[in-house]
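As structure tokens, the structure follows; a few thoughts come after it.
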Amino acid sequence: MNWLEKSGPVNRNWLRSHEVRETVTAFTKLTGHPLVLTLAGDEPQKGDGVAQWRSFSGAWLCCKQPIGAPEYRQACEKFVQQMLAEAMTKRETCQKQCFAGVTVLAAPIYCDQQHVATLLGVPSVTQRPNRGGAHLYECLPVFTLAQRRAAIVLLEMMAQRLRESAFRWLLAHHADEPLQIQAAKQFIQTHSHEPLSATDVGRHIGMCRQYFSKRFKQATSLTFVEYLTHVRVEKAKALLRDTPEKVITIAGEVGYPSVAHFNRVFKRSVGVTPIAYRVNSRSDKKASSGDNSG
């Protein structure tokens, strides 16, 4: 079970956070295309006989017209589940056409190899049907191949932004966490550059290593080592983005004496090497600077 699959309010509140809501609704308001963010393991809502997943703006994801026949309802619900499963398995943005000829996009969001959520939406058609029932497609845009590719790029950019948001939420302190867990998080973040162990943190908050490890995992769904790794990687990302320091120097500053080990941990967590992350970050900054100057 990953940290977003917990029923506790800490993790579910990430979905309801201002940053997440603003990100998803901004996309819908700008493009007019409904979009839904679903947590890993969530089931589609079954309203009016269709897998009608409401986005934060209240727009329907797919067909606005209820489908009466049970076989159509089941086909629509099955399609949504297959779409989510395909995106999670391939670990990349997928496009799939339903039985009614509507193409939908799905972009999975991963945090340190864990699937935590999926962006689902941007329904479109390649052409409007001339046969009966064409009025049901009036709300859907007609996309060319180039437009659909552009939609995929935008969706992937949103998925990356939400991935960063999930990481920040994961590392943050939350009011409904036990005080000792909050103190443990603060101690880890302050001393993450040191050779830190679960015994050290447990001693700091008055627990033995075994009891601390158990309580920490129960509260955060992460082991001590997993949390420490997240903290170190996030600090490394900031240094890679904002300083000219060499990778070997950054590795030591965040707590990894071996640069080879640091490179492996960073790539496993972020998906790219530290050098590639720095290059991508600089490219993004230049692009943003160029847009602002224009």
Check: Which members of the range 156-193 meet the condition of being of a type in the set (Ser, Thr, Tyr) and either more than 10 Å from the chain's Cα centre (by Cα) or exposed (fewer than 14 other Cβ atoms within 10 Å of the Cβ) (or both)?
Finding: 190, 192
Check: In the range 77-114, which residues are surrounded by fewer than 18 Cβ atoms within 10 Å (Cβ to Cβ), under 22 Å from residue 158 (Cα atoms) and among the charged types (D, E, K, R)?
Finding: 86, 90, 91, 92, 96
Notebook entry, point to check: Can you find a residue in the range 259-272 that is outside any loop (DSSP other than H, G, I, E, B), modelled with pLDDT of 95 or more, out of contact with any helix residue (DSSP H, G or I) (no Cβ under 7 Å at 6 or more places or on another chain) and of a type in the set (A, V, I, L, M)?
Noted result: yes
Margin query: Looking at the range 140-184 only, could you name the residues that are within 14 Å of residue 220 (Cβ to Cβ) and in contact with a strand residue (DSSP E or B) (Cβ under 8 Å, 6 or more places away or on another chain)?
Written below: 166, 167, 170
Notebook entry, point to check: Can you name every residue in the range 79-117 that is modelled with pLDDT of 80 or more and charged (D, E, K, R)?
Noted result: 86, 90, 91, 92, 96
Margin query: Looking only at the range 220-256, count every residue that is touching a residue at least 60 places away in the same chain (Cβ under 8 Å), farther than 30 Å from residue 283 by Cβ and in a helix (DSSP H, G or I) and tell me the total.
Written below: 1
Notebook entry, point to check: What is the residue count in the range 93-123 for residues that are among the polar types (S, T, N, Q), over 16 Å from residue 145 (Cβ atoms) and not in a strand (DSSP E or B)?
Noted result: 1
Note to self: Among the residues of the range 202-219, are any assigned to a helix (DSSP H, G or I), in contact with a Lys or Arg (Cβ under 8 Å, 6 or more places away or on another chain) and under 27 Å from residue 17 (Cα atoms)?
What the structure shows: no
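The values are calculated or read from the model by the stated rules, or taken from the named source; none is laboratory data. Everything numeric here is computed off the predicted structure, so don't read it as measured data. Ideal geometry is used to build each Cβ from the backbone, glycine not excepted, and the neighbour counts take in all protein chains shown.
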